[in-house]
Every structure is written in C-alpha cells, then in structure tokens.
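> Shown below is the structure under consideration.
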There are 2 protein chains.
Amino acid sequence: MTVSDCTFTQRDGAVCAPAGFRAAGIACGIKKSGAPDLALIVSELSAAAGAVFTLNKAQAAPVLVSKERLAASGGRARVVAINSGCANACTGEDGLATANAMADAAAAAAGAGRAEVLIASTGVIGVALDRNKVTSGILEAAGALEAVTGGAAAARAIMTTDPFPKAAAVTVDGPAGRFSVGGIAKGSGMIEPMMATMLAVVTTDASVAPGLLQRALTAAVDVTFNAISVDGECSTNDCVFALANGASDAMLSDGDYDLLVEALRHVCEPLALGIVRGGEGATKLVAIDVTGGRTNAEAKQAARAIANSPLVKTAVHGADPNWGRLIAVAGRAGVEFSLEQARVVIGDTVLFERGTPFDDRAEQASRHLQQAEISIGVDLGTGGRGAARMWTCDLSAEYVRINAEYRT
Amino acid sequence: MTVSDCTFTQRDGAVCAPAGFRAAGIACGIKKSGAPDLALIVSELSAAAGAVFTLNKAQAAPVLVSKERLAASGGRARVVAINSGCANACTGEDGLATANAMADAAAAAAGAGRAEVLIASTGVIGVALDRNKVTSGILEAAGALEAVTGGAAAARAIMTTDPFPKAAAVTVDGPAGRFSVGGIAKGSGMIEPMMATMLAVVTTDASVAPGLLQRALTAAVDVTFNAISVDGECSTNDCVFALANGASDAMLSDGDYDLLVEALRHVCEPLALGIVRGGEGATKLVAIDVTGGRTNAEAKQAARAIANSPLVKTAVHGADPNWGRLIAVAGRAGVEFSLEQARVVIGDTVLFERGTPFDDRAEQASRHLQQAEISIGVDLGTGGRGAARMWTCDLSAEYVRINAEYRT
C-alpha cells in the first residue's frame with residue numbers, strides 16, 4: 001500500500017478507536033482534588049510496541065522502567081498504565097521500586113507477561129508516588145476497562161492542568177484493508193507544578209512488526225510532538241508510546257513505512273496541536289515555516305529558535321508584526337543565514353525581502369496576527385532547499401502568572 | 001605587575017575617569033521625544049582599540065563599518081560615536097552608506113584618521129537612520145566634549161528604554177604606577193522596539209598594545225557581558241569597545257595580562273549587572289553558579305540554559321523554591337549530568353542532594369527568593385571541576401506587557 005492509494009478519514013475517538021483495545025480512567029486518590037488520575041490501556045492481543053522517551057538526563061523512574069521492559073520484551077506490550085498528579089521523578093531508589101511495582105501490577109491486571117508493560121507518570125516531581133494508591137488504582141481500573149467510553153476516560157485521567165482532554169483517531173482505507181489509529185495526549189500545564197510534561201499513547205489495530213513501528217513512530221513524532229514548543233522546556237517524564245495489535249486485517253510490512261508514518265501523523269498532529277492550543281497562558285496557535293536552509297536540520301534549528309523566542313512570542317501576543325525580531329532570531333540561530341536574501345512573511349504579507357522592509361504592509365500583517373491561528377514564514381536566504389515547520393503559542397502574562405505562583 | 005600587588009578602588013565615573021578622554025551626549029533629533037540620542041567619546045591621544053561584536057549573522061551596518069575600520073587601523077582608534085533611537089540594521093546599501101558617513105564625520109570631528117573610529121547604533125531596526133541628523137549631531141557633540149560631566153552625558157545619550165544610565169570606573173594602584181578604567185553601557189529595553197540590544201564602551205589611560213587589549217577585553221567580556229542574559233536574545237547591534245590611550249604612566253605588557261583583565265572586569269561587571277537589573281520587567285538579580293561540570297564550557301552551557309529558562313525565571317519571580325525545574329533544565333542542557341550526584345542550593349539552603357529532596361527547607365529558600373539579589377547553585381554531579389557563573393533576572397508579566405505592545 002502506498003500513501004496515495006489510501007484514504008484517511010479523521011474521526012472522533014481515542015485509543016480505543018482501533019479494534020482490540022479497551023481503556024479506563026479512574027480516580028485513585030493521587031490528586032488531592034479527587035479528579036481522575038489513573039489511566040489504563042489494554043490490548044486484547046499481544047501488540048508490537050514502540051516508544052520515544054525524553055532526552056532529559058534527569059529521567060524519571062517510570063521512564064527508566066518503561067525502557068527496561070520494552071528492551072526485555074523485544075518491542076512488545078499489552079498494557080499501558082499512566083498516573084497523573086505525581087511524576088515519580090527525582091525520587092531515588094524508592095521511586096524506582098514504586099515504578100516497578102506499578103508496572104508489575106499493570107502487567108498482572110492485564111494478564112500480560114512481566115515485560116509487556118509500559119508506564120508513565122506526570123505531575124509534581126520530587127514527591128513520592130503512593131505505591132498502594134497506584135497499584136490498587138490499577139486493579140480498580142482493570143475492572144472498569146471498556147472500549148466505547150474508555151478512551152475518553154483515559155484522556156481525562158492523564159490531564160494535569162490541561163484545559164481540555166486531547167484525543168484523535170483516523171481510519172485508513174486502502175487496497176490491503178482497513179485499519180485505524182487512535183491516540184491520547186496530555187500537555188503542558190501544572191498546578192503544584194514542576195515542569196511542562198507531555199505524554200501520549202497511540203494505538204493501532206494494524207499488524208506491524210516492532211522494528212517498523214518504532215521507526216515509523218520516531219519519524220511521526222519528529223514532525224509532530226518534536227515540532228511543538230510551548231516554552232522550550234523539556235521534562236523529566238516525556239514519552240510517547242505506540243501499540244499495534246494486529247486486530248484488523250491490515251498487515252503492514254517494510255514497504256508500507258510511508259503509509260504507517262502518515263497514519264500515525266494523522267493522529268499525532270492533532271494531539272500535538274492540542275497540546276500547543278492548551279499551552280499555559282496560550283491564546284494563539286502559531287505555525288512557523290522556515291525555508292531556504294542549507295539542510296532540513298538547519299531549518300528546524302532556526303524554526304525552533306523562533307518558536308522559543310520570548311520576543312517573537314510576546315510580539316505575536318500583542319499582534320505586532322515585528323519582522324525585525326524574526327530576522328534577529330534567525331541570525332542568531334547558529335545556522336547559515338543571508339540577510340541580503342532573507343524573507344519574512346506573516347500570513348500572506350511579505351514584510352521583508354532582499355534587504356527591503358515593507359512597513360506600509362504592517363497593518364495588514366497585524367490583522368492576521370489578531371487571529372487565533374497564525375502562520376509565519378522565514379526564508380533563511382541560503383538558496384538551499386532545507387525546510388521545517390514548528391508550532392508554538394504566544395507568551396502571555398497569564399503564562400507568568402501560572403508559573404510564578406508560589407508553590408510552598 | 002601582578003593582580004595581588006595592586007589595589008582596585010571602585011569609584012564614581014564613566015568613560016572620562018581615565019586621563020585623556022572627553023565625551024559628550026546631546027540630542028540631535030533622532031528620538032522623537034527630544035531625549036539625548038548621540039554620544040561622542042574622544043581620546044586626546046591615539047589609543048589602542050579592541051572590540052567584541054555580536055555573533056548574530058544579521059549584522060547591522062555600524063557593526064560592519066566598525067569591524068572594517070578597526071581592521072584597517074590595525075587596532076587603533078581615537079573616537080567612538082554612538083546614536084540611540086535607530087539601530088541602522090536591515091537597512092541595505094543605503095544604511096551602509098549612512099554608517100560610513102557617520103564614521104567619517106566622527107573621525108573628522110575628532111581630528112582622527114579615517115580608520116581611527118568606531119561607531120554603534122541602537123534602537124528600532126529596519127528604519128533608515130537620518131544621515132543629516134547624525135552627522136550634524138556629531139559636529140555639535142564635538143563642540144560639547146568635556147571630561148567632567150561628559151561621561152555621564154554619554155551614558156544617558158546611549159539609553160533606549162533603560163530605566164537608568166549605567167557607568168562604572170576603577171582606579172588601579174600598583175608598583176608600576178596608577179591607571180584607571182572607566183565605562184558606560186546600555187542594556188535591554190526598547191520603545192518602538194525591536195530587540196534587546198547592549199552596547200558598552202570601556203576606556204583606560206594605561207598604555208596597552210592593541211593585541212593585548214583585544215585579548216584582555218575578550219576575556220573580561222566572557223565573564224561579564226557574555227555571562228548575563230535577560231531573555232536569551234542576541235541582537236543585530238551588540239558591541240563592546242575598549243580604548244587604551246596611555247595618558248597615565250602605567251605601561252602594561254604581556255606579563256600584565258591578568259592585571260588588565262581584572263581591571264577591565266572591575267568596570268565590565270558592574271555595567272553588566274546594571275544591564276540585568278535594568279532588564280525589561282526585571283525585579284530581581286539572579287546569580288547562577290554551576291559547578292561539577294566536566295569542563296568550564298559545559299558548566300557555562302548549563303548555567304546559560306538555566307538563566308534562559310522561562311520556568312526558572314517565573315519561579316524566581318514568584319519566590320517559589322522550585323528546585324525540580326533547576327534539575328530538569330540541567331538535565332536537558334546537553335551536558336554531562338548525574339541525577340544521583342547532583343545538588344541544588346538556593347541562597348544557603350540545600351534543597352536537593354544525592355537523590356534526596358529536602359522539601360522541609362522550602363520556606364527558608366523562599367525567604368531568600370524574596371530578596372532583590374538571589375543566588376542559585378547547581379552542581380551537575382559529574383565530579384568534574386568545571387564551573388561557571390551567569391547572571392539573569394526574573395521573568396515578570398511586565399516583560400510581556402513591554403514586549404507585546406502593539407508597535408504599528
């Protein structure tokens with residue numbers, strides 16, 4: 001199957017949109033508020049599993065445990081357990097023991113082998129995760145698993161201060177049959193907080209070997225979750241998990257790599273954009289397209305620098321078509337850049353090209369910046385074909401208020 | 001002379017504190033407000049000159065012209081001309097011609113050779129600098145040059161939205177005689193704005209060869225101006241200039257390198273800290289000391305990541321002793337880091353050490369964070385001796401307000 005032979009139908013749904021998955025989201029008392037704080041996602045069949053983990057060197061206990069189990073299973077998993085309200089990070093040996101107990105409880109509850117489990121935690125760091133609460137919560141969730149509303153319940157249970165749950169699903173039809181991909185994610189937000197964390201789980205009922213799933217997941221994450229930034233921070237707990245259980249008739253092999261990436265992207269992109277839209281204090285979604293880089297990697301480096309620039313993000317917040325800040329960030333991004341050939345476009349309005357500013361067009365660009373969805377284009381002027389897209393949000397006083405609140 | 005043989009006496013003063021320098025600051029109409037916008041600093045004698053320029057690839061016309069003249073003079077200069085209110089950046093060929101006219105006017109007004117001049121501009125970018133205003137302003141300033149109040153006037157004339165002028169001076173006494181170093185700087189702030197720009201001029205009446213001056217200036221800038229961050233941005237116009245005119249009896253040769261660095265540091269550090277204190281929306285000065293890095297460079301990379309972290313800067317603003325954010329940033333800084341051996345200190349309070357949080361000390365740490373001057377220590381836990389210090393300020397809602405204001 002190739003991408004052009006297939007139709008992609010975006011639809012409501014979450015991790016149970018593909019066949020053979022059940023999920024639950026319950027409250028087990030980790031959050032003092034009594035809000036849902038434990039999600040369990042179970043595949044009826046053994047599933048190929050892939051994962052992308054935070055590159056932060058201060059890795060939380062659940063990250064270490066998930067890596068170990070995934071290696072031990074040779075890339076297979078049947079159950080994912082996630083708690084919110086406590087990140088189980090910077091918690092030492094005791095935290096590692098709790099993470100292992102959490103994984104063992106999830107594997108047992110799903111009737112899976114010890115290694116066929118992935119876990120994640122999100123919330124405050126440096127605080128012990130209550131072992132009894134999380135393991136008895138997993139037992140309770142296992143009794144509540146179902147396929148119709150379970151995915152939405154799981155999406156709610158992994159939220160911290162996300163303003164809304166994030167779920168997406170797509171059905172792919174093509175010559176080799178129909179399969180679905182579904183997913184849930186949580187984004188950046190915190191109350192007692194610590195750091196912006198993101199987690200996502202993506203499921204599919206296609207049949208995929210673990211190696212192919214891992215490669216396709218990495219590629220899809222690169223252009224979705226790894227192409228967003230709320231504030232340039234990188235947490236101790238970030239992970240994206242993918243499970244492929246083969247419950248549909250669709251068998252994907254190495255030749256279907258592009259198709260699988262595209263199918264995963266159809267779910268990961270709306271989840272990633274949901275994280276940005278729900279970013280702390282965010283009022284606008286900003287797509288940044290950088291072109292004219294020597295390489296795609298250089299274009300991405302420049303796009304990331306722009307996406308993280310407080311001067312750019314405050315200008316967007318104020319609907320100020322301040323193209324000079326975009327030029328200045330591109331110039332300091334550590335990549336090849338030619339001021340003489342550079343170009344800045346806001347919406348459809350070219351504001352700077354070949355050394356010439358067009359300040360009479362500022363009003364038009366400002367009108368675009370007053371929208372909720374904004375596009376910014378910067379050409380680095382090297383003549384190269386390197387291109388990349390990043391998504392970010394604006395920087396508002398509300399971001400400062402949320403993150404400056406005194407925690408103790 | 002070695003450093004320990006000398007006494008360093010910090011005193012009031014600016015670029016005219018050393019003998020043989022005169023300065024002026026006048027209003028020539030570039031700023032619509034009528035505020036001072038042109039500074040001229042002239043040495044009576046030909047002086048060795050050094051300079052450190054922005055690494056931004058979008059370099060403003062005055063940066064290009066100053067580099068060219070400094071190379072042509074073989075590291076000598078007699079006059080520095082600086083305008084505020086317009087950065088003369090992204091202004092194409094015409095901007096370059098204006099910058100050259102500005103340099104020619106300054107050289108002529110000071111009776112200096114064509115190459116013995118340095119210029120700088122700061123303010124809005126992408127807007128043409130009025131050639132008549134700046135050149136006739138230089139003529140007028142040349143008539144107003146004097147040594148008693150001229151330095152302070154120059155410090156005022158280079159301000160944009162700096163909340164206060166920044167000047168510093170030190171007198172050095174030692175076996176080989178007495179010499180002085182003086183300086184002025186402007187920091188991050190903008191009205192119609194564009195980007196945070198910093199400029200500084202440092203003068204000394206010691207006799208120093210150009211090569212030694214350049215090496216010592218680079219070293220002093222590395223631990224002062226290059227060790228501060230308001231928002232991680234890097235402008236198109238940043239420069240630091242140093243002039244050494246030999247008007248005192250002190251002759252410094254290669255063996256006095258450490259002494260010269262120390263003397264320059266005595267002036268550059270208070271100027272740099274003034275820039276941070278006057279940073280946009282800043283209410284606190286934060287010193288970040290990173291230790292336990294594999295190398296000094298790795299320690300500085302981690303310190304810079306912490307200094308630029310919006311989550312750290314908002315936590316400081318809210319007096320939240322949120323050590324987890326410091327660990328998370330150190331872990332993502334791209335340098336060697338050991339969570340098991342890492343340590344976080346706020347003020348005198350150890351909050352995290354050898355995997356153990358000390359959250360009962362949060363109240364004590366929070367009291368320190370309520371001060372105007374804050375110290376944060378992070379040990380990367382590698383066992384190495386790499387260390388670095390950075391200074392930054394907190395991130396406040398006022399920063400957002402200043403930078404989100406609609407410019408058009």
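> Go through the residues of the stretch B:388-404 one by one and say whether even a single one is within 12 Å of chain A (Cβ to nearest Cβ) and without any contact (Cβ under 8 Å) to a residue 40 or more places away in the chain.
Yes, the stretch B:388-404 contains a residue that is within 12 Å of chain A (Cβ to nearest Cβ) and without any contact (Cβ under 8 Å) to a residue 40 or more places away in the chain.
> From the list B:L326, B:L339, B:L351, B:L380, which residue is of a type outside the set (S, T, N, Q) and under 27 Å from the mean Cα position of the chain (by Cα)?
Answer to the selection: B:L326.
> Right, next: Would you say A:L129 is within 14 Å of chain B (Cβ to nearest Cβ) and in a loop (DSSP other than H, G, I, E, B)?
yes
> OK, next. Quick test for you: out of A:E363, A:E336, A:E353, A:E340, pick the one residue that is within 16 Å of B:A58 (Cα to Cα) and without any contact (Cβ under 8 Å) to a residue 12 or more places away in the chain.
A:E353
Per-residue answers, yes or no, for (1) under 20 Å from the mean Cα position of the chain (by Cα); (2) modelled with pLDDT of 95 or more; (3) of a type outside the set (D, E, K, R):
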position: A:T98; (1), (2), (3): no, yes, yes
position: A:M102; (1), (2), (3): no, yes, yes
position: A:E116; (1), (2), (3): no, yes, no
position: A:S136; (1), (2), (3): no, yes, yes
position: A:A142; (1), (2), (3): no, yes, yes
position: A:G151; (1), (2), (3): yes, yes, yes
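Here's the yes/no breakdown for (1) on the phi > 0 side of the Ramachandran plot; (2) at pLDDT 95 or above; (3) of a type in the set (D, E, K, R):
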{"residue": "A:P175", "(1), (2), (3)": "no, no, no"}
{"residue": "A:K186", "(1), (2), (3)": "no, no, yes"}
{"residue": "A:M198", "(1), (2), (3)": "no, no, no"}
{"residue": "A:A216", "(1), (2), (3)": "no, yes, no"}
{"residue": "A:N226", "(1), (2), (3)": "no, no, no"}
{"residue": "A:V230", "(1), (2), (3)": "no, no, no"}
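> Here's something else I'd like to know. So B:A330 passes all but one of these: (1) more than 13 Å from A:C90 (Cβ to Cβ); (2) in contact (Cβ under 8 Å) with a residue 40 or more places away in the chain. Which condition number does it fail?
(1)
> Has the stretch B:160-176 got at least one residue that is out of contact with any Asp or Glu (no Cβ under 6 Å at 6 or more places or on another chain), crowded, with 24+ Cβ neighbours inside 10 Å and assigned to a helix (DSSP H, G or I)?
no
> Filter the stretch A:310-319 down to residues that are surrounded by 24 or more Cβ atoms within 10 Å (Cβ to Cβ) and within 7 Å of chain B (Cβ to nearest Cβ), then give me how many there are.
So the answer is 5.
> With B:E280, B:E262, B:E340 as the choices, which residue is within 14 Å of chain A (Cβ to nearest Cβ), surrounded by fewer than 24 Cβ atoms within 10 Å (Cβ to Cβ) and among the charged types (D, E, K, R)?
B:E340
> Now, a different point. Please pick out the residue among B:A299, B:A328, B:A272 that is more than 14 Å from chain A (Cβ to nearest Cβ) and either surrounded by fewer than 24 Cβ atoms within 10 Å (Cβ to Cβ) or modelled with pLDDT under 95 (or both).
None of the other options fit; the residue is B:A272.
> Just need a number here: residues in the stretch A:346-385 that are closer than 15 Å to A:A302 by Cα, of a type outside the set (G, A, S) and more than 11 Å from chain B (Cβ to nearest Cβ).
4
Every residue, every condition in (1) in the same structural domain as A:A58 (by TED's automatic domain parsing); (2) closer than 14 Å to A:V52 by Cβ; (3) not charged (D, E, K, R), yes or no:
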{"site": "A:V208", "(1), (2), (3)": "yes, no, yes"}
{"site": "A:L213", "(1), (2), (3)": "yes, yes, yes"}
{"site": "A:T224", "(1), (2), (3)": "yes, yes, yes"}
{"site": "A:H266", "(1), (2), (3)": "yes, no, yes"}
{"site": "A:N296", "(1), (2), (3)": "no, no, yes"}
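The values are calculated or read from the model by the stated rules, or taken from the named source; none is laboratory data. Everything numeric in this text was worked out from a predicted model, so none of it was measured. Positions of Cβ are backbone-derived with ideal geometry, glycine not excepted, and every protein chain shown enters the neighbour counts.
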